[in-house]
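Peer 1: Okay, handing you the structure first.
The values are calculated or read from the model by the stated rules, or taken from the named source; none is laboratory data. Quick caveat: nothing in here was measured; it's all calculated off a predicted structure. Positions of Cβ are backbone-derived with ideal geometry, glycine not excepted, and every protein chain shown enters the neighbour counts. What goes into the accessible areas is simple: the full protein's heavy atoms, side chains included, and nothing from ligands, DNA or RNA. Shrake-Rupley method; radii C 1.70, N 1.55, O 1.52, S 1.80 Å.
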Amino acid sequence: MCTCMSVETETAVYVINKIPSIVEMLQFLSVILVLSLPLFSIVRTTDLEWDDRGYILFCLCMGRFGNQAEHFLGGLAFAKAVDRTLILPPWRTYKNVPFGEWFDVASVREYHRVITAEDFMERLAPKYWPQGNRTGYCFGYQGSDKPCKMKEGNPFGPFWDGLGVEFDNSVSYHVMYTDTTGWRIRFPADKEPVVALKGAPAPYPMAENTVPLQKYLKWSSIIEVEVKGHITKMFRGEKFIGIHLRNGVDWNNACKNVAGESKFMASPQCLGYGGSKKISAEMCFPSNDEVLRLLEKIVQLSGIQQIYVATDKNPMTKEIQTHLTNFQVKVHHLDPWLPQIDLAILGKSDYFIGNCISSFTAFVARERLVTGKPTFYWGYSS
(Lines give C-alpha, C1' and ligand atoms only; values in the text may rest on other atoms or scores of the structure.)
Protein backbone atom coordinates (compact mmCIF):
# COMPACT_ATOMS: atom_id res chain seq x y z
CA MET A 1 0.00 0.00 0.00
CA CYS A 2 1.12 3.54 -0.69
CA THR A 3 2.37 5.53 2.31
CA CYS A 4 2.23 8.90 0.58
CA MET A 5 -1.18 10.07 1.80
CA SER A 6 0.02 13.40 3.12
CA VAL A 7 1.88 14.15 -0.11
CA GLU A 8 -0.79 13.22 -2.66
CA THR A 9 -3.09 16.19 -2.61
CA GLU A 10 -4.65 15.41 -5.97
CA THR A 11 -6.91 17.91 -7.64
CA ALA A 12 -6.89 20.14 -10.66
CA VAL A 13 -8.46 22.96 -8.71
CA TYR A 14 -9.52 21.30 -5.51
CA VAL A 15 -9.90 24.41 -3.42
CA ILE A 16 -12.08 23.04 -0.65
CA ASN A 17 -12.39 26.27 1.25
CA LYS A 18 -13.05 28.32 -1.85
CA ILE A 19 -16.42 30.07 -1.70
CA PRO A 20 -18.26 29.88 -5.05
CA SER A 21 -19.68 33.03 -6.54
CA ILE A 22 -23.38 33.73 -6.25
CA VAL A 23 -23.75 33.22 -10.01
CA GLU A 24 -22.07 29.81 -9.85
CA MET A 25 -24.20 28.73 -6.91
CA LEU A 26 -27.44 29.84 -8.56
CA GLN A 27 -26.46 28.05 -11.76
CA PHE A 28 -25.64 24.85 -9.88
CA LEU A 29 -28.80 24.99 -7.74
CA SER A 30 -30.97 25.57 -10.79
CA VAL A 31 -29.54 22.44 -12.40
CA ILE A 32 -30.26 20.47 -9.23
CA LEU A 33 -33.87 21.67 -9.15
CA VAL A 34 -34.41 20.75 -12.77
CA LEU A 35 -32.84 17.32 -12.51
CA SER A 36 -33.69 16.21 -8.98
CA LEU A 37 -36.68 14.08 -9.92
CA PRO A 38 -35.13 12.12 -12.80
CA LEU A 39 -31.85 11.70 -10.91
CA PHE A 40 -33.43 10.21 -7.83
CA SER A 41 -35.70 8.00 -9.88
CA ILE A 42 -32.50 6.33 -11.08
CA VAL A 43 -30.58 6.28 -7.81
CA ARG A 44 -33.41 5.11 -5.58
CA THR A 45 -35.50 2.03 -6.15
CA THR A 46 -39.08 1.53 -5.07
CA ASP A 47 -38.50 -1.74 -3.23
CA LEU A 48 -35.27 -2.85 -1.63
CA GLU A 49 -34.86 -6.50 -0.79
CA TRP A 50 -32.18 -7.82 1.54
CA ASP A 51 -29.32 -9.59 -0.25
CA ASP A 52 -28.44 -12.82 1.57
CA ARG A 53 -25.07 -12.84 -0.20
CA GLY A 54 -24.00 -10.02 2.09
CA TYR A 55 -22.82 -6.42 1.85
CA ILE A 56 -19.50 -4.60 2.00
CA LEU A 57 -18.85 -0.95 2.88
CA PHE A 58 -15.60 0.95 3.21
CA CYS A 59 -14.37 4.47 3.85
CA LEU A 60 -12.79 6.32 0.93
CA CYS A 61 -10.41 7.91 3.35
CA MET A 62 -7.06 8.18 1.56
CA GLY A 63 -6.26 11.48 -0.08
CA ARG A 64 -8.46 13.57 -2.27
CA PHE A 65 -10.63 12.68 -5.20
CA GLY A 66 -8.04 11.19 -7.57
CA ASN A 67 -6.88 8.74 -4.90
CA GLN A 68 -10.42 7.99 -3.79
CA ALA A 69 -11.47 7.14 -7.34
CA GLU A 70 -8.66 4.60 -7.70
CA HIS A 71 -9.57 3.04 -4.36
CA PHE A 72 -13.23 2.95 -5.32
CA LEU A 73 -12.61 1.06 -8.56
CA GLY A 74 -10.40 -1.42 -6.72
CA GLY A 75 -13.07 -1.84 -4.05
CA LEU A 76 -15.73 -2.34 -6.71
CA ALA A 77 -13.70 -5.14 -8.27
CA PHE A 78 -13.18 -6.68 -4.84
CA ALA A 79 -16.91 -6.61 -4.02
CA LYS A 80 -17.62 -8.52 -7.22
CA ALA A 81 -14.82 -11.01 -6.52
CA VAL A 82 -16.21 -11.89 -3.07
CA ASP A 83 -19.81 -11.65 -4.38
CA ARG A 84 -21.09 -9.08 -1.90
CA THR A 85 -23.32 -6.14 -2.75
CA LEU A 86 -21.25 -2.97 -2.61
CA ILE A 87 -22.66 -0.20 -0.46
CA LEU A 88 -21.58 2.82 -2.51
CA PRO A 89 -19.59 5.03 -0.15
CA PRO A 90 -19.94 8.79 -0.28
CA TRP A 91 -17.02 10.72 -1.67
CA ARG A 92 -15.10 12.64 0.93
CA THR A 93 -14.28 16.35 0.69
CA TYR A 94 -14.78 18.54 3.76
CA LYS A 95 -18.07 16.61 4.02
CA ASN A 96 -19.65 13.42 2.68
CA VAL A 97 -20.88 13.78 -0.90
CA PRO A 98 -23.46 11.11 -1.88
CA PHE A 99 -22.10 8.90 -4.65
CA GLY A 100 -25.02 9.64 -6.96
CA GLU A 101 -24.44 13.38 -6.79
CA TRP A 102 -21.37 13.05 -9.00
CA PHE A 103 -21.82 9.70 -10.73
CA ASP A 104 -24.58 7.65 -12.29
CA VAL A 105 -25.46 4.75 -10.01
CA ALA A 106 -27.23 2.78 -12.73
CA SER A 107 -24.00 2.65 -14.76
CA VAL A 108 -22.06 1.10 -11.86
CA ARG A 109 -24.87 -1.41 -11.43
CA GLU A 110 -24.17 -2.69 -14.94
CA TYR A 111 -20.98 -4.22 -13.52
CA HIS A 112 -22.10 -5.41 -10.09
CA ARG A 113 -24.82 -5.18 -7.45
CA VAL A 114 -24.70 -1.85 -5.63
CA ILE A 115 -26.81 0.24 -3.29
CA THR A 116 -26.10 3.79 -2.15
CA ALA A 117 -24.97 4.20 1.43
CA GLU A 118 -27.86 6.57 2.03
CA ASP A 119 -30.45 4.02 0.87
CA PHE A 120 -28.82 1.25 2.86
CA MET A 121 -28.66 3.21 6.10
CA GLU A 122 -32.18 4.57 5.78
CA ARG A 123 -34.04 1.54 4.47
CA LEU A 124 -32.12 -1.64 5.31
CA ALA A 125 -29.79 -0.95 8.22
CA PRO A 126 -32.49 -0.34 10.86
CA LYS A 127 -33.72 -3.92 10.43
CA TYR A 128 -30.69 -5.89 9.26
CA TRP A 129 -27.72 -3.92 10.67
CA PRO A 130 -29.19 -2.17 13.71
CA GLN A 131 -27.37 -0.09 16.27
CA GLY A 132 -26.00 -2.44 18.90
CA ASN A 133 -24.91 -4.95 16.28
CA ARG A 134 -22.41 -2.99 14.19
CA THR A 135 -18.83 -4.26 13.94
CA GLY A 136 -16.01 -2.49 12.14
CA TYR A 137 -13.10 -4.37 10.58
CA CYS A 138 -9.53 -3.41 9.78
CA PHE A 139 -6.51 -5.26 8.49
CA GLY A 140 -3.95 -6.32 11.08
CA TYR A 141 -0.81 -8.33 10.48
CA GLN A 142 -0.71 -11.83 11.93
CA GLY A 143 -0.32 -11.65 15.69
CA SER A 144 -1.73 -8.14 15.92
CA ASP A 145 -5.20 -7.84 17.42
CA LYS A 146 -5.27 -4.17 18.27
CA PRO A 147 -8.66 -2.45 18.11
CA CYS A 148 -9.42 -0.80 14.79
CA LYS A 149 -10.28 2.68 16.03
CA MET A 150 -12.69 2.99 13.12
CA LYS A 151 -13.58 6.60 13.81
CA GLU A 152 -10.31 7.98 15.10
CA GLY A 153 -9.14 11.10 13.28
CA ASN A 154 -10.24 12.91 10.15
CA PRO A 155 -11.63 11.84 7.68
CA PHE A 156 -12.56 8.55 9.41
CA GLY A 157 -14.70 10.04 12.17
CA PRO A 158 -16.58 12.54 9.98
CA PHE A 159 -17.11 9.89 7.27
CA TRP A 160 -18.90 7.45 9.57
CA ASP A 161 -20.65 10.25 11.47
CA GLY A 162 -22.03 11.49 8.17
CA LEU A 163 -23.68 8.09 7.69
CA GLY A 164 -24.92 7.99 11.26
CA VAL A 165 -22.81 4.93 12.14
CA GLU A 166 -21.64 4.13 15.65
CA PHE A 167 -19.62 0.95 16.00
CA ASP A 168 -20.30 -1.39 18.89
CA ASN A 169 -17.22 -3.49 18.28
CA SER A 170 -14.13 -3.69 16.09
CA VAL A 171 -12.14 -6.68 14.89
CA SER A 172 -8.83 -6.90 13.05
CA TYR A 173 -8.49 -9.56 10.36
CA HIS A 174 -5.39 -11.10 8.80
CA VAL A 175 -6.53 -12.11 5.31
CA MET A 176 -5.11 -10.10 2.42
CA TYR A 177 -7.71 -8.65 0.04
CA THR A 178 -5.94 -10.43 -2.81
CA ASP A 179 -7.00 -13.74 -1.23
CA THR A 180 -10.69 -13.69 -2.17
CA THR A 181 -11.16 -17.38 -1.32
CA GLY A 182 -9.74 -16.76 2.14
CA TRP A 183 -12.04 -13.76 2.46
CA ARG A 184 -15.13 -15.84 1.76
CA ILE A 185 -14.05 -18.32 4.41
CA ARG A 186 -13.22 -15.62 6.97
CA PHE A 187 -16.38 -13.62 6.30
CA PRO A 188 -19.28 -16.00 5.51
CA ALA A 189 -22.35 -13.96 4.60
CA ASP A 190 -24.66 -15.89 6.90
CA LYS A 191 -22.55 -14.96 9.93
CA GLU A 192 -21.12 -11.60 8.81
CA PRO A 193 -23.84 -10.10 6.59
CA VAL A 194 -22.34 -6.58 6.65
CA VAL A 195 -18.58 -6.09 6.50
CA ALA A 196 -17.69 -2.46 7.23
CA LEU A 197 -14.01 -1.78 6.55
CA LYS A 198 -11.90 1.07 7.86
CA GLY A 199 -10.32 1.55 4.42
CA ALA A 200 -10.78 0.37 0.85
CA PRO A 201 -9.77 -3.24 0.05
CA ALA A 202 -7.62 -2.05 -2.81
CA PRO A 203 -4.09 -0.82 -3.55
CA TYR A 204 -2.83 2.61 -4.52
CA PRO A 205 -1.77 3.06 -7.24
CA MET A 206 -4.64 0.95 -8.53
CA ALA A 207 -4.06 -2.51 -9.97
CA GLU A 208 -3.72 -2.72 -13.72
CA ASN A 209 -6.65 -5.11 -14.12
CA THR A 210 -9.09 -2.63 -12.54
CA VAL A 211 -8.31 0.25 -14.95
CA PRO A 212 -11.01 -0.84 -17.47
CA LEU A 213 -13.68 -0.51 -14.77
CA GLN A 214 -13.60 3.23 -15.42
CA LYS A 215 -16.21 2.55 -18.13
CA TYR A 216 -18.81 2.07 -15.39
CA LEU A 217 -18.01 5.38 -13.72
CA LYS A 218 -20.12 7.84 -15.68
CA TRP A 219 -20.92 11.39 -14.64
CA SER A 220 -24.32 12.15 -13.17
CA SER A 221 -26.92 14.15 -15.09
CA ILE A 222 -26.18 17.17 -12.90
CA ILE A 223 -22.50 17.19 -13.80
CA GLU A 224 -23.15 16.45 -17.48
CA VAL A 225 -25.59 19.32 -17.92
CA GLU A 226 -23.30 21.88 -16.30
CA VAL A 227 -20.25 20.67 -18.22
CA LYS A 228 -22.00 20.70 -21.57
CA GLY A 229 -23.12 24.24 -20.85
CA HIS A 230 -19.55 25.36 -20.20
CA ILE A 231 -18.24 23.60 -23.32
CA THR A 232 -20.90 25.16 -25.52
CA LYS A 233 -20.25 28.63 -24.12
CA MET A 234 -16.45 28.43 -24.35
CA PHE A 235 -15.84 26.57 -27.59
CA ARG A 236 -19.07 27.06 -29.58
CA GLY A 237 -18.82 23.74 -31.35
CA GLU A 238 -15.09 23.91 -32.06
CA LYS A 239 -12.67 21.15 -31.05
CA PHE A 240 -10.44 21.85 -28.05
CA ILE A 241 -7.27 20.67 -26.35
CA GLY A 242 -7.39 20.07 -22.59
CA ILE A 243 -4.31 20.32 -20.38
CA HIS A 244 -3.72 19.65 -16.69
CA LEU A 245 -0.97 21.59 -14.92
CA ARG A 246 0.22 20.60 -11.43
CA ASN A 247 2.48 23.44 -10.36
CA GLY A 248 1.56 24.35 -6.79
CA VAL A 249 4.12 24.55 -3.97
CA ASP A 250 3.00 21.27 -2.40
CA TRP A 251 3.42 19.46 -5.73
CA ASN A 252 6.85 20.97 -6.24
CA ASN A 253 7.90 19.61 -2.85
CA ALA A 254 6.47 16.18 -3.67
CA CYS A 255 8.46 16.01 -6.89
CA LYS A 256 11.87 17.00 -5.52
CA ASN A 257 13.31 13.53 -5.01
CA VAL A 258 11.38 11.27 -7.39
CA ALA A 259 13.67 11.37 -10.43
CA GLY A 260 14.98 7.88 -11.11
CA GLU A 261 12.19 6.08 -9.24
CA SER A 262 10.23 3.39 -11.09
CA LYS A 263 6.89 4.08 -9.41
CA PHE A 264 5.42 7.07 -7.60
CA MET A 265 1.76 7.85 -7.05
CA ALA A 266 -0.10 7.40 -10.38
CA SER A 267 3.00 6.99 -12.56
CA PRO A 268 1.94 3.55 -13.91
CA GLN A 269 -0.58 5.36 -16.13
CA CYS A 270 2.26 6.31 -18.48
CA LEU A 271 5.23 4.20 -17.35
CA GLY A 272 3.30 0.96 -17.13
CA TYR A 273 3.38 -1.63 -14.36
CA GLY A 274 6.59 -3.40 -15.32
CA GLY A 275 8.94 -1.11 -13.38
CA SER A 276 11.55 -0.90 -16.14
CA LYS A 277 10.94 2.79 -16.97
CA LYS A 278 12.04 5.60 -14.68
CA ILE A 279 10.46 8.88 -13.61
CA SER A 280 12.12 12.11 -14.71
CA ALA A 281 11.87 15.52 -13.05
CA GLU A 282 10.00 16.88 -16.10
CA MET A 283 7.35 14.18 -15.78
CA CYS A 284 6.50 15.21 -12.24
CA PHE A 285 7.02 18.98 -12.30
CA PRO A 286 7.41 20.07 -15.93
CA SER A 287 9.16 23.32 -16.70
CA ASN A 288 7.37 26.09 -18.55
CA ASP A 289 9.51 25.27 -21.57
CA GLU A 290 8.30 21.66 -21.55
CA VAL A 291 4.67 22.73 -21.25
CA LEU A 292 4.99 25.13 -24.17
CA ARG A 293 6.97 22.63 -26.26
CA LEU A 294 4.50 19.77 -26.01
CA LEU A 295 1.43 21.99 -26.25
CA GLU A 296 2.76 23.61 -29.43
CA LYS A 297 3.37 20.18 -30.91
CA ILE A 298 -0.22 19.09 -30.23
CA VAL A 299 -1.57 22.36 -31.66
CA GLN A 300 0.47 21.80 -34.82
CA LEU A 301 -0.56 18.15 -35.00
CA SER A 302 -4.27 18.80 -34.55
CA GLY A 303 -4.79 22.27 -35.99
CA ILE A 304 -6.98 23.02 -32.94
CA GLN A 305 -7.02 26.60 -31.66
CA GLN A 306 -9.08 26.26 -28.49
CA ILE A 307 -7.17 25.32 -25.30
CA TYR A 308 -8.66 24.54 -21.88
CA VAL A 309 -6.45 24.68 -18.78
CA ALA A 310 -7.13 22.97 -15.43
CA THR A 311 -4.61 23.60 -12.68
CA ASP A 312 -3.99 23.70 -8.96
CA LYS A 313 -2.05 26.98 -9.15
CA ASN A 314 -0.81 28.74 -12.30
CA PRO A 315 -2.78 28.30 -15.57
CA MET A 316 0.02 29.94 -17.61
CA THR A 317 -2.62 31.61 -19.79
CA LYS A 318 -0.42 34.59 -20.71
CA GLU A 319 2.62 32.43 -21.44
CA ILE A 320 0.60 30.07 -23.63
CA GLN A 321 -1.17 32.88 -25.47
CA THR A 322 2.12 34.66 -26.16
CA HIS A 323 4.04 31.55 -27.21
CA LEU A 324 1.29 30.40 -29.59
CA THR A 325 0.39 33.81 -31.02
CA ASN A 326 1.07 32.66 -34.58
CA PHE A 327 -1.47 29.85 -34.18
CA GLN A 328 -4.22 32.27 -33.07
CA VAL A 329 -5.16 30.12 -30.10
CA LYS A 330 -7.65 31.06 -27.43
CA VAL A 331 -6.89 29.92 -23.87
CA HIS A 332 -9.70 29.19 -21.40
CA HIS A 333 -9.47 28.67 -17.64
CA LEU A 334 -12.65 28.31 -15.58
CA ASP A 335 -11.22 27.62 -12.12
CA PRO A 336 -14.55 25.99 -11.07
CA TRP A 337 -15.46 25.69 -7.42
CA LEU A 338 -16.20 21.99 -8.03
CA PRO A 339 -13.11 20.19 -9.39
CA GLN A 340 -15.20 17.43 -10.98
CA ILE A 341 -16.24 20.02 -13.57
CA ASP A 342 -12.61 20.33 -14.66
CA LEU A 343 -12.31 16.54 -14.81
CA ALA A 344 -15.38 16.12 -16.95
CA ILE A 345 -14.34 18.88 -19.36
CA LEU A 346 -10.86 17.40 -19.76
CA GLY A 347 -12.38 14.00 -20.44
CA LYS A 348 -14.37 15.46 -23.34
CA SER A 349 -11.44 17.30 -24.94
CA ASP A 350 -10.28 16.13 -28.36
CA TYR A 351 -6.64 15.99 -27.20
CA PHE A 352 -5.40 15.91 -23.62
CA ILE A 353 -2.01 16.53 -22.01
CA GLY A 354 -1.61 15.65 -18.35
CA ASN A 355 0.80 14.89 -15.53
CA CYS A 356 2.03 11.29 -15.45
CA ILE A 357 2.37 11.29 -11.63
CA SER A 358 -1.01 12.82 -10.85
CA SER A 359 -4.02 10.68 -9.97
CA PHE A 360 -6.21 13.60 -11.11
CA THR A 361 -4.73 13.24 -14.58
CA ALA A 362 -5.05 9.47 -14.24
CA PHE A 363 -8.82 9.75 -13.82
CA VAL A 364 -9.05 11.68 -17.09
CA ALA A 365 -6.66 9.31 -18.84
CA ARG A 366 -8.72 6.24 -17.84
CA GLU A 367 -11.91 7.83 -19.13
CA ARG A 368 -10.20 8.65 -22.41
CA LEU A 369 -8.78 5.14 -22.65
CA VAL A 370 -12.33 3.81 -22.48
CA THR A 371 -13.63 6.28 -25.07
CA GLY A 372 -10.62 5.94 -27.38
CA LYS A 373 -9.36 9.53 -27.12
CA PRO A 374 -5.62 10.40 -27.18
CA THR A 375 -3.68 11.32 -24.04
CA PHE A 376 -0.16 12.79 -23.82
CA TYR A 377 2.08 13.45 -20.80
CA TRP A 378 4.50 16.24 -19.90
CA GLY A 379 8.09 15.06 -19.92
CA TYR A 380 7.15 11.70 -21.42
CA SER A 381 5.50 12.24 -24.77
CA SER A 382 8.09 13.25 -27.35
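Peer 1: Given points 7 Å out from each Cα along the Cα-Cβ axis, report the Arg186 to Ala81 separation in nanometres with one decimal.
Peer 2: Roughly 1.2 nm, to one decimal.
Peer 1: How many percent of all Cα-Cα pairs in the range 283-335 sit more than 14 Å apart?
Peer 2: Values: 697 of 1378 pairs.
The share of Cα pairs beyond 14 Å in the range 283-335 comes to 51 percent.
Peer 1: Right, something else. If you look at just the Cα atoms of the chain, how large are its Rg and its Dmax in Å?
Peer 2: Final numbers for Rg and Dmax: 21.6, 69 Å.
Peer 1: Ok, one more. For each pair in Lys263/Lys297; Lys313/Lys348; Lys198/Lys256, compute the distance between the two Cα atoms and list the pairs where it is over 25 Å. Write out the running numbers ahead of the final one.
Peer 2: Details: Lys263/Lys297 27 Å; Lys313/Lys348 22 Å; Lys198/Lys256 32 Å.
The answer is Lys263/Lys297; Lys198/Lys256.
Peer 1: Then there's this: With each pseudo-label sitting 7 Å past Cα toward Cβ, what's the Asn169-Lys330 distance in nm, one decimal?
Peer 2: Result for the modelled spin labels: 6.5 nm.
Peer 1: Quick one: which residues, 5 or more positions from Gln306 or on another chain, have an amide H under 5 Å from its amide H? H modelled 1.01 Å from N in the peptide plane, none for Pro or chain starts.
Peer 2: It is Ile241, Lys330, by chain and number.
Peer 1: Here's something else I'd like to know. Report the gain in length on full extension from Lys277 to Ser302: 0.36 nm times residue separation, minus Cα-Cα distance, nm rounded to one decimal.
Peer 2: Numbers: separation 25, 0.36 × 25 = 9.00 nm, distance 2.82 nm.
Stretched out fully, the Lys277 to Ser302 stretch lengthens by 6.2 nm.
Peer 1: Follow-up question, since we're still on this one. If I compute solvent accessible area with a 1.4 Å probe over the protein chains, what percent of it on the chain is carbon and sulfur? Before the final figure, lay out the partial values.
Peer 2: On the way: 9120 of 17130 Å².
Looking at the chain in its full context, I get 53 percent from C and S.
Peer 1: Roughly speaking, what is the centre-to-centre gap between the range 200-219 and the range 287-339 when only Cα atoms are used, to the nearest Å?
Peer 2: 29
Peer 1: In the chain, which helices (entire DSSP H runs) extend 27 Å or more along their own long axis, judged by Cα positions, while averaging at least 1.0 on the Kyte-Doolittle scale?
Peer 2: Taking the DSSP H segments of the chain (at least 27 Å long, mean hydropathy at least 1.0), we get 22-43.
Peer 1: Counting residues in the range 134-262 as N, plug N into 2.2 N^0.38 Å and put the Cα Rg over that result.
Peer 2: Details: Rg = 21.3 Å, N = 129, 2.2 N^0.38 = 13.9 Å.
After normalising by residue count via 2.2 N^0.38 Å, the value is 1.53.
Peer 1: Can you compute the label reach from Asp51? Point 7 Å from Cα along the Cβ direction, backbone N cut-off under 19 Å, restricted to the range 91-106.
Peer 2: 91, 98-101, 103-106, by backbone N distance to the label point.
Peer 1: Just the accessible area for Tyr128, please: 1.4 Å probe, Å², rounded to the nearest 10?
Peer 2: Roll a 1.4 Å probe over it and Tyr128 shows about 80 Å².
Peer 1: Find out how many positive minus negative residues lie around Gly162, taking Lys and Arg as positive, Asp and Glu as negative, among other residues whose Cβ is under 12 Å from that of Gly162. Write down the numbers at each step before the final one.
Peer 2: Numbers: positive: Arg92, Lys95, Lys151; negative: Glu118, Asp161.
Charge balance in the 12 Å sphere: +1.
Peer 1: Return the whole-Å distance between the Cα centroid of the range 58-118 and the Cα centroid of the range 232-253.
Peer 2: 26
Peer 1: Using r as the Cβ-Cβ distance of Asp350 and Arg109, and R0 as 35 Å, what FRET efficiency do you calculate, to the nearest 0.05? Let's see the in-between values first.
Peer 2: Details: r = 30 Å, r/R0 = 0.87.
Calculated value: 0.70.
Peer 1: So how far apart, in nm, are the two label points at Val249 and Tyr128 if each is 7 Å from Cα heading toward Cβ?
Peer 2: 5.0
Peer 1: Given R₀ = 22 Å, FRET efficiency for Asn288-Lys233 by Cβ-Cβ distance, to 0.05? Provide the component values of the computation, followed by the final result.
Peer 2: On the way: r = 28 Å, r/R0 = 1.29.
Rounded to the nearest 0.05, the efficiency is 0.20.
Peer 1: Something else now. Taking H as built 1.01 Å from N, whose amide H comes closer than 5 Å to the amide H of Ser172, not counting residues under 5 places away?
Peer 2: Those qualifying (amide H under 5 Å, at least 5 residues apart or on another chain) are Cys138.
Peer 1: Also, I was wondering about something else. Rounded to the nearest 500 deg cm²/dmol, what is the calculated helix-only ellipticity per residue at 222 nm for the chain, with -39500 (n - 2.57) per DSSP H run of length n ≥ 4?
Peer 2: Working: 15 runs with 140 residues, N = 382.
Dividing the helical sum by the residues of the chain leaves -10500 deg cm²/dmol.
Peer 1: Further question: Just to verify a number: FRET efficiency for Asp179 and Glu224, C-beta to C-beta distance, R0 = 51 Å, to 0.05?
Peer 2: On the way: r = 39 Å, r/R0 = 0.76.
Approximately 0.85, to the nearest 0.05.
Peer 1: Moving to a separate point now. Taking the Cα centre of the chain as the origin, how large is its charge dipole in debye, to the nearest 20, when only Lys and Arg (+1) and Asp and Glu (-1) carry charge on their Cβ atoms?
Peer 2: On the way: 40 positive and 39 negative charges, 96 e Å.
That gives the chain a dipole magnitude of about 460 debye.
Peer 1: What whole-number value in Å² describes the accessible area per residue of the chain for a 1.4 Å probe?
Peer 2: Normalised by residue count, the accessible surface of the chain is 45 Å².
Peer 1: Once all Cα-Cα distances of the range 117-208 are split into 10 Å bins that start at 0, what whole-number percent is in each one?
Peer 2: 14, 45, 35, 6
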